Amino acid sequence: MTSDVQDTAGMTADDERAREADATWQDDVREGVRHVRDLDSLPLSPAERAAAQAAATHHKVRIPKTYLDLIDWSDPADPIRAQVIPSPDELAEQEGELDDPIADHAFSPVPRLTHRHADRVLLFPTYQCAVYCRFCFRKESLTSIGRGYSREALDEAFAYIEAHPEIREVILTGGDPLSLPDKALAEIRARIEAVPHVRLLRIHTRVPVALPSRITSGLVAALQGRLMVTVVTHFNHPREITSRAEQACRTLRQGGFVLLNQSVLLKGVNDTVEVLEELCRELMYRLGVKPYYLHHGDLARGMAHRRTTIAEGQALVSALRARLSGICNPGYVLDLPQGGGKVLLGPCCVEAREGETWRIRGLDGEVRAYREVVEE
Ligand SMILES: *Cc1c(COP(=O)(O)O)cnc(C)c1O
Ligand code: SF4
C-alpha cells in the first residue's frame with residue numbers, strides 16, 4: 001500500500017496508521033491507573049492501600065497499563081512497583097528534605113522557565129505526566145502548580161528566550177512534555193525554532209519508558225525541523241527495557257534524534273552493581289541510548305527510604321567504571337540545593353600529590369605514580 005491509497009472512509013493509509021497508533025496509546029492510558037480509586041482493583045497490602053489515599057494528596061497517582069503490567073505482584077519489593085505504587089514510607093518526612101530540592105523556583109525569572117546556566121533554560125510546557133514517579137524531585141510543583149499546556153502560558157517564557165541571545169539550548173521538561181498532543185508539540189517546536197540563537201531542543205521524558213506506545217510517527221514528525229533534537233529518557237531498571245520500549249527508541253532514533261538517558265539512584269530499585277551494569281549496557285547496546293547521568297537521590301520530601309549514601313553511590317560507579325565500556329558509563333551527579341548545579345561525584349582517583357608526582361588509583365584498584373613531564 002502506498003500513502004495515497006484511499007480507503008472507504010476517505011482516509012489515506014498513513015492517516016489510518018496514525019489513527020490506530022493514537023488509539024493504542026490512548027487505550028494504554030485509559031486502562032491504567034488514573035485515580036487513587038483505580039488502585040482498588042490491584043493486590044496491594046492494607047498498609048499500601050491506606051498510604052495511597054494519604055500520599056496521593058501530596059503527589060498524584062497515574063500508571064499506564066503496559067507499565068503496570070510489568071509489576072510482579074508476588075514480590076513486595078518489585079522495582080517497578082516501588083517506583084509507582086505509593087508506599088507508607090512516603091508519609092515520613094525527614095528534617096532537611098525540601099519542597100524544591102534543586103531550586104527551580106529561585107532561578108525562575110518568568111513563569112514556566114528556569115535559567116541557571118547561561119547557555120540553557122528549562123521550559124515547563126506542562127506540569128502533568130504520563131506516569132507519576134513516587135521519587136519525583138518536582139512533585140511539589142506538580143501538585144501546587146499542576147497546570148497543563150496552553151499557548152499563552154508560555155508567552156512570557158518565549159519573550160524571555162528571545163531577549164537572551166546567550167541561550168543556545170531549550171530543555172523541555174515538566175511535567176512530561178511528551179504527554180502533550182502532537183499539535184501542542186509542533187507548536188512549541190515551531191516557536192523555539194523561530195528564535196534564531198537557539199541551536200538545540202532537548203526533551204526530558206519518561207514516556208518511552210512508561211508509555212512507549214505514545215512514540216508514534218506523528219509525534220516524531222511534530223518534533224522534526226531546523227533544530228538538532230536530543231531526547232533524554234529516564235530508565236531506572238533493566239526490567240523497563242521491553243520490546244515496546246525498544247520499538248519506541250528505534251522510532252526516535254530513526255527520526256534523527258540523539259538519545260541519552262538519565263537514571264535516579266534508588267535504594268531497593270537499582271542500587272546494586274548487577275542491576276546498574278545490566279541497565280547501562282542494555283540501554284546502549286539494545287536501545288542505542290547513551291547513559292548520560294546517574295543522579296544521586298535529591299532531597300525530595302518523604303524519600304529517605306529510597307536514598308543511598310553518597311559513599312554507596314561512589315562504590316557503585318567505581319565498580320561500573322571497571323566493568324563497562326566508556327560509552328556505557330553515566331556520570332554520577334548530585335544536583336546541589338540552592339542552585340549549585342549538577343556536580344560530578346564520581347570517586348576521585350587521585351590519592352595524593354607530591355610536587356610533579358601524582359599518585360592515582362587505576363581501574364584495577366592499584367595506586368600508581370604518574371610524574372608530569374612538561375616543557376620547562
Ligand atoms: C539539569 C539542568 C540543566 C541541564 O544540565 P546539563 O548538565 O546540561 O544536562 C539545565 N538547567 C537547569 C536549571 C538544570 O537543572
Ligand atoms: S515523569 Fe518526571 S516529572 Fe513526572 S513524576 Fe516522573 S520524575 Fe517527576
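The values are calculated or read from the model by the stated rules, or taken from the named source; none is laboratory data. What you see is a predicted model, and the numbers here were worked out from it, not measured in a lab. When we count neighbours, we look across all protein chains shown, and the Cβ atoms used for this are built from the backbone with ideal geometry, even at glycine.
Quick rundown of the values:
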{"read-out": "Residue count, segment 196-206 (criterion: within 14 Å of ligand 1 (Cβ to nearest atom) and surrounded by fewer than 17 Cβ atoms within 10 Å (Cβ to Cβ))", "value": "2"}
{"read-out": "Segment 51-71, residues that are touching a strand residue (DSSP E or B) at 6+ places or on another chain (Cβ under 9 Å) and not in a loop (DSSP other than H, G, I, E, B)", "value": "Ile63, Lys65, Leu68"}
{"read-out": "Among residues of segment 113-128, those that are within 23 Å of Val207 (Cα to Cα) and among the acidic types (Asp, Glu), counted", "value": "0"}
{"read-out": "Subset of segment 78-96 that is assigned to a loop (DSSP other than H, G, I, E, B) and touching a residue at least 12 places away in the same chain (Cβ under 8 Å) - its residue that is surrounded by the most Cβ atoms within 10 Å (Cβ to Cβ)", "value": "Pro86"}
{"read-out": "Those residues of segment 120-177 which are within 16 Å of ligand 2 (Cβ to nearest atom) and of a type in the set (Gly, Ala, Ser), in sequence order", "value": "Ala130, Ser141, Ser144, Gly146, Gly148, Gly174, Gly175"}
{"read-out": "Sole exception among (1) of a type outside the set (Val, Ile, Thr); (2) touching a Lys or Arg at 6+ places or on another chain (Cβ under 8 Å); (3) within 16 Å of ligand 1 (Cβ to nearest atom) for Gln262, by number", "value": "(2)"}
{"read-out": "Single condition Thr309 does not satisfy, out of (1) touching a residue at least 40 places away in the same chain (Cβ under 8 Å); (2) more than 17 Å from the chain's Cα centre (by Cα)", "value": "(1)"}
{"read-out": "Residue that is farthest from ligand 1 (Cβ to nearest atom) [pool: residues in segment 165-195 that are crowded, with 18+ Cβ neighbours inside 10 Å and part of a loop (DSSP other than H, G, I, E, B)]", "value": "Leu180"}
{"read-out": "Residues of segment 41-77 satisfying the condition of being closer than 24 Å to Val209 by Cα, free of Cβ contacts under 8 Å to residues at least 24 places away in the same chain and surrounded by fewer than 20 Cβ atoms within 10 Å (Cβ to Cβ)", "value": "Ser41, Asp69, Asp72, Ser74, Asp75"}
{"read-out": "Search result, residues across segment 111-159 that are within 14 Å of ligand 1 (Cβ to nearest atom), hydroxyl-bearing (Ser, Thr, Tyr) and assigned to a helix (DSSP H, G or I)", "value": "Ser141"}
{"read-out": "The listed residue being on the phi > 0 side of the Ramachandran plot and assigned by TED's automatic domain parsing to the domain that holds His234, out of Gly288, Gly355", "value": "Gly288"}
{"read-out": "Hits in segment 342-369 (condition: part of a loop (DSSP other than H, G, I, E, B) and farther than 19 Å from Ala319 by Cβ)", "value": "Gly355, Glu356"}
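Conditions (1) closer than 30 Å to Lys139 by Cβ; (2) in contact with a strand residue (DSSP E or B) (Cβ under 8 Å, 6 or more places away or on another chain); (3) basic (Lys, Arg); (4) modelled with pLDDT of 90 or more, marked per residue:
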site: Thr309; (1), (2), (3), (4): yes, no, no, yes
site: Gly313; (1), (2), (3), (4): yes, yes, no, yes
site: Ser318; (1), (2), (3), (4): no, no, no, yes
site: Ile327; (1), (2), (3), (4): no, yes, no, yes
site: Gly340; (1), (2), (3), (4): yes, no, no, no
